[in-house]
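Worksheet: one structure, shown below.
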Amino acid sequence: MFGSLDYSTLQQLWWFITTLVGSLFVFMTFVQGGQTLLSTLSLTEDEKVLVTNSLGRKWELTFTCLVMFGGALFAAFPLFYATSFGGAYWVWILILFTFIIQAVSYEYRRKPDNFLGKGVYDAFLFINGSVGILLIGAAVGTFFTGSNFILNDYNLVFWQHPLRGLEAAFSFFNLSFGLFLVFLARTLGALYLANNLGHETLVAKLKNSSFNNLLCALPFLLFILLRLVMMDGYAVNPADGTVVMEANKYLHNLLQMPLNLILLLVGLVLVVLGVVLNRFTAAVCGIWLSGPGTVFTCLAIFFLAGYNNTAFYPSKIDLNSSLTIYSASSSHYTLVIMTYVALLVPVVLGYVSWAWRQMDSKKLTLEELNADKKSY
Amino acid sequence: MIEQIDLTMVSWARATFALTAMYHWIFVPLTLGLSFICAFFESIYVKTGDESWKKLTRFWMTLFGINFAIGVATGIILEFEFGTNWSNYSWMVGDIFGVPLAIEGLLAFFLEATFFAVMFFGWNRVSKKAHLFSTWMVAIGSNLSAVWILVANGWMQNPVGMKFNPDLARFEMVDFWAILSSPVAISHFVHVTSAAFLYASLFVVAVSSWFLLKKRHLKFAKRSLTVACTFGLFASLFVAFTGDEHAYHTANVQPMKLAAMEGLYDGEAPAGLVAAGLLNFSKQPGDDQDSFIFEVKIPMVLSLLANRDINSFVPGINDLVYGNTAENIMGVEEKMVRGKLAVTGLGNYKAAKKSGDQLAAGKALTLFEENSDYLGYGYLDYAEQAVPYVPLIFYSFRVMVGLGTFFILLFLVYLYLLYKDQLEKQALLLKLGVSSFLLGLVAHEAGWIVTEVGRQPWAIQDLLPVTIARSNLDAGTVQVTFFMFLLLFTALLIAELKIMAKQISIGPEGD
């Protein structure tokens, strides 16, 4: 069935599937956003217990989305996986480090005899939600600003900057990308928690917080969008695969892919609408607008980077080392196999939503948590 | 391909992978086995409606959760470490190796992550049956994850279903089914997962024995022991059976590893199995020293295990390094010559393609293809480099097999004494039971040492040595990461052990 699809269609399909996982991950960073709210919103001890227990039931899904994103990139775009992880070494190691310390924190923070103390585990959660997300944003920013690598004739990567990827965080555009993701995660975190918790005063705080965090995210978002439409981009000549700088490349991409422009606008409107609804009405369902809005927005940004003859992982020091979805992908055979496997994605989404509904149909309350000795 | 090879970096990258994998493996087999044990307990609860089984389930589930968290923490780094420390590998075999990793994420991790929350927090939110279903899904999810990662590892030990693409300088998948159904991968998976069930059973034995020694939660402990020892006995017998099968496949596809496991330098027909022995540490391939200072050999058994034929020839390290024409074995020396022709052919092909010389490209490609089966050998500097460090493999193998045999006896004795209701009087045995979990860990790590150190110098058997598979990083960078992980994982391990010990001492709720 899929074997008859031509190579470039499969490569485009896999850019869609992979970036969909990435976009779902960004939506799921409401967990990380919520973690930073723990220490920055003035919460009572009871409220903190509610927040950690609510997030603690979802953190593994976020984590799995990240692992899945990595796995999908490895399988579908191995040259990107090798180039970015092996090249931009420190940025990825630090990101991973923040996820390692997150993974134990929910389970261990309130357990007796936990060695490091509750404060350290809470700090772990904060670092994951702030530094981790900031660096992920900076790394994604390099999809547009480019990196410092050269590939040799055997496609092996030689990174040319001593900071091995951390230099990404010193670009104002990449930094803005990171900060936008941090505040977006906090916005989503507040929206998710407002929807999930049965605690009036806390929900009121969260409704305000989602709005305030969106206000903080907006300047960064506007800057990113403005820069994107104005900046030169890495264009690929479809005839010979060479990469050249093209003025306003990403603006051209938006105009030449009107559906993508619509996706971006719809996404942004949904994000804002969700927050406005939560802030100015009694509704708490904003997450179900802002969440999909986040996915649409992220997809549109990824499409901007990868489709329409654009190099999605450009090298600014050697243009022709830049990676495109065509040069970085797996073989036709592997993509076909992976496409068959991807038929299971709806099944996965199905049981995830079943379990989500089962677990979240009732609001989480202090009474329930106090009755359960195993709560976080 | 790579002009200057920095061995120090390779050593640190290997050390980092060994560190992260060995830490990860403290927790993973417990997750694999304990998830099933929890599912057994909960099934009994749902079937009988007896609340004490629910308490028992919840107790073991708490310990499962503590262990699960650190398993996840140590696991994420492994997936990404292929990219960070072994980026040449990731490019050269990502077309094949990435697939099982991606499938693992989709089929296994989502199952685990989704139902883990229901299993832990859904007791009052979903029906009894939906909860039981979730617990089983966590068990199945964790074990599915083992399937895919061991398929990936099995492929590294026995690369099948692929061909080299000289234009892109990478290996590409041509037969997914061959990779999935590779006997090496299958025997590897069944051996490792059954060993994980054994390990988790030992964990239950250790904790329950401690309760019996302390005269606490007696009924609870005996119930737990009955289920765990039964599971453990079946698992340990299966481990022995699959271990034999795995060794047989190893003999076929990784004869050098088998020779190292046996300390066998000169091949024999029939070959005996060294039951116990003291290795001569100064022995080197090609010299005329004795391999052993002292040895106890069981005649013909190695031939039987390796080839299912008591009179068959089993090659030794010298046969494999220097060749043995009588047995039709090509030595590493000759393979290196052919491998270097493959490397030259590939280099010439790339250069000719670049300059547009089709004729030269065709010739170079032929030279490459004639010798491509030995590509990896072209990157070795001397033939003895193909020999892994024998003493570590020889002794690790014996530790693993010895302990595996001991565990069968331990479960048998426990079950007998449980049946006779005499167990709590056997203080010495119970103390042995408590320490058996640590022995289980030793057996597991020893097994992985045999598997991974035993295939050195290869990242991909015969095709890609670790010196080429690495990232282009300097040693200092990898060294810093090594110590970062060492510090962090040790701190987390201490935290885990303290929390676990506390929860065990608190015991099951309301018991």
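What follows is calculated from the coordinates using simple rules that are stated; it is not laboratory data. Just so it is clear, the model here is predicted, and its values are computed rather than measured. Every residue, glycine among them, receives a Cβ derived from its backbone with ideal geometry; neighbour counts consider all protein chains shown.
What residues have an amide H closer than 5 Å to that of B:GLY323, excluding those fewer than 5 places away on the same chain, when H is modeled at 1.01 Å from N in the peptide plane?
So B:GLY323 has HN proximity to B:GLY331, B:VAL332.
May I ask you to evaluate 6.51 cos²θ - 1.76 cosθ + 1.60, the Karplus curve with θ = phi - 60°, for each residue of the range A:364-371 and list the ³J(HN,Hα) values in order in whole Hz, giving x for glycine and proline?
Per residue, the Karplus-derived 3J(HN,Hα) values read 7, 10, 5, 4, 5, 5, 5, 7 Hz.
When Cβ neighbours within 10 Å are restricted to other protein chains, what is their mean count per residue of peptide B:486-493?
Other-chain Cβ atoms within 10 Å of each residue's Cβ, averaged: 2.
Return the FRET efficiency for the residue pair B:MET484, B:TYR382: r is the Cβ-Cβ distance, R0 is 45 Å, and the value is rounded to the nearest 0.05.
Step by step, r from the Cβ atoms, then E = 0.85.
Which of rounded, prolate or oblate describes chain A when judged by the alpha-carbon gyration tensor and an a/c cut-off of 1.5?
On the way: a/c = 1.74, a/b = 1.69, b/c = 1.03.
Verdict is prolate for chain A.
Within the range B:157-220, list the trypsin sites (Lys or Arg not before Pro) lying in a DSSP loop whose Cβ has at most 14 other Cβ atoms in a 10 Å radius.
B:LYS214, B:LYS215, B:ARG216
Per residue of the range A:182-194, in order, report the coupling 6.51 cos²θ - 1.76 cosθ + 1.60 (Karplus, θ = phi - 60°) as ³J(HN,Hα) in whole Hz, putting x for Gly and Pro.
Here the 3J(HN,Hα) series is 4, 6, 5, 4, 5, 4, 5, x, 5, 5, 4, 5, 4 Hz.
Which far-off residues, 5 or more places away or on another chain, put their amide H under 5 Å from the one on B:PHE292, with H placed in the peptide plane?
B:ASN280
For the range B:170-187, what does the Karplus curve 6.51 cos²θ - 1.76 cosθ + 1.60, with θ = phi - 60°, yield as ³J(HN,Hα) per residue in whole Hz, taken in order and with x for Gly and Pro?
8, 8, 10, 6, 10, 8, 4, 4, 4, 5, 5, 9, 4, x, 5, 5, 5, 5
How many partner chain Cβ atoms sit within 10 Å of a residue's Cβ in peptide B:164-175, on average, as a whole number?
For this peptide, the per-residue mean of nearby foreign Cβ atoms is 3.
Please give the charge dipole size of chain A, origin at the Cα centre, charges +1 on K and R Cβ atoms and -1 on D and E Cβ atoms. Round to the nearest 20 debye.
In total the dipole reaches around 740 debye.
Any chance you could check the Cα centroid distance between the range B:277-322 and the range B:237-267 for me, in angstrom?
12
Hey, can you grab everything whose amide H is under 5 Å from the amide H of B:ARG170? Only 5+ residues off in sequence or another chain; H modelled, so Pro and N-termini drop out.
Hits under the 5 Å cutoff: B:ASN165.
First check a/c for the protein assembly as shown, with a ≥ b ≥ c the square roots of the eigenvalues of its C-alpha gyration tensor; if it is under 1.5, answer rounded, and if not, answer prolate when a/b is larger than b/c or oblate otherwise.
oblate
About the Cα centre, and with charges only on the beta carbon of Lys, Arg (+1) and Asp, Glu (-1), how big is the dipole of the protein assembly as shown? Nearest 20 debye, please.
3380
Of all DSSP beta bridges located in the protein assembly as shown, what percent are antiparallel, nearest 5?
Of those bridges, close to 90 percent are antiparallel.
Please report the relative contact order for the range B:1-82, taking Cα pairs under 8 Å with a sequence separation of at least 6, and give it as a percent rounded to a whole number. The partial results should precede the final answer.
Numbers: 43 pairs, mean separation 33.1, N = 82.
So the answer I get is 40 percent.
I need the shape label for the range B:264-322. Rule: rounded when a/c is under 1.5, else prolate if a/b > b/c, else oblate, with a, b, c from the alpha carbon gyration tensor. Can you show the working numbers first?
On the way: a/c = 3.04, a/b = 1.34, b/c = 2.27.
Note, shape of the range B:264-322 comes out oblate.
Could you point to the residue in A:ILE100, A:LEU319, A:LEU364 farthest towards the positive end of chain A's charge dipole, with +1 and -1 charges on the Cβ of Lys/Arg and Asp/Glu respectively?
Among A:ILE100, A:LEU319, A:LEU364, the one farthest towards the positive end of the dipole of chain A is A:LEU364.
Between A:TYR340 and A:SER8, take the C-beta separation as r, use R0 = 22 Å, and let me know the FRET efficiency to the nearest 0.05.
Working: r = 19 Å, r/R0 = 0.85.
About 0.70, to the nearest 0.05.
Post the alpha-carbon centroid distance, the range A:279-346 to the range B:437-482, in whole angstrom.
Measuring centre to centre over Cα atoms gives 33 Å.
Please give the per residue volume of the convex hull enclosing the alpha carbon atoms of the range B:332-379, rounded to a whole number of Å³.
Measuring per residue, one finds 47 Å³ for the Cα hull of the range B:332-379.
Cα centroid distance between the range B:120-181 and the range A:47-102, in Å?
Comparing the Cα centres of the range B:120-181 and the range A:47-102, I get a distance of 19 Å.
Among B:ILE393, B:VAL343, B:THR114, flag the residue with its Cα farthest along the positive direction of the charge dipole of chain B, charges on Cβ as +1 for Lys/Arg and -1 for Asp/Glu.
B:THR114
What does the helix-only formula give at 222 nm for the protein assembly as shown: each DSSP H stretch with n ≥ 4 adding -39500 (n - 2.57), the total divided by the residues, and the result rounded to the nearest 500 deg cm²/dmol?
So the helix-based figure for the protein assembly as shown works out to -23500 deg cm²/dmol.
What is the sum of charges around B:MET300, taking Lys and Arg as +1, Asp and Glu as -1, for the other residues whose C-beta is under 11 Å from the C-beta of B:MET300?
-1
Toward the positive end of the charge dipole of the protein assembly as shown, about the Cα centre and with charges on Cβ (Lys, Arg +1; Asp, Glu -1), which of B:GLY105, B:LEU497, B:SER90 goes farthest?
Going by the charge dipole, the pick is B:LEU497.
Just in the range B:303-349: which trypsin sites (Lys or Arg not before Pro) are loop by DSSP and have at most 15 other Cβ atoms within 10 Å? Don't skip to the answer; put the middle values down first.
Numbers: sites: B:ARG308, B:LYS335, B:ARG338, B:LYS340; in loops: B:ARG308.
Answer in residue order: B:ARG308.
Restricting to DSSP loop positions (anything but H, G, I, E, B) with no more than 16 other Cβ atoms inside 10 Å of their own Cβ, which chymotrypsin sites (Phe, Trp or Tyr not before Pro) remain in the range B:267-348?
In loop regions of the range B:267-348 (DSSP not H, G, I, E or B), the sparsely surrounded chymotrypsin sites (Phe, Trp or Tyr not before Pro) are B:PHE281.
Expressed as a rounded percentage, what relative contact order does the range B:332-379 have, with Cα pairs under 8 Å and six or more residues apart?
59
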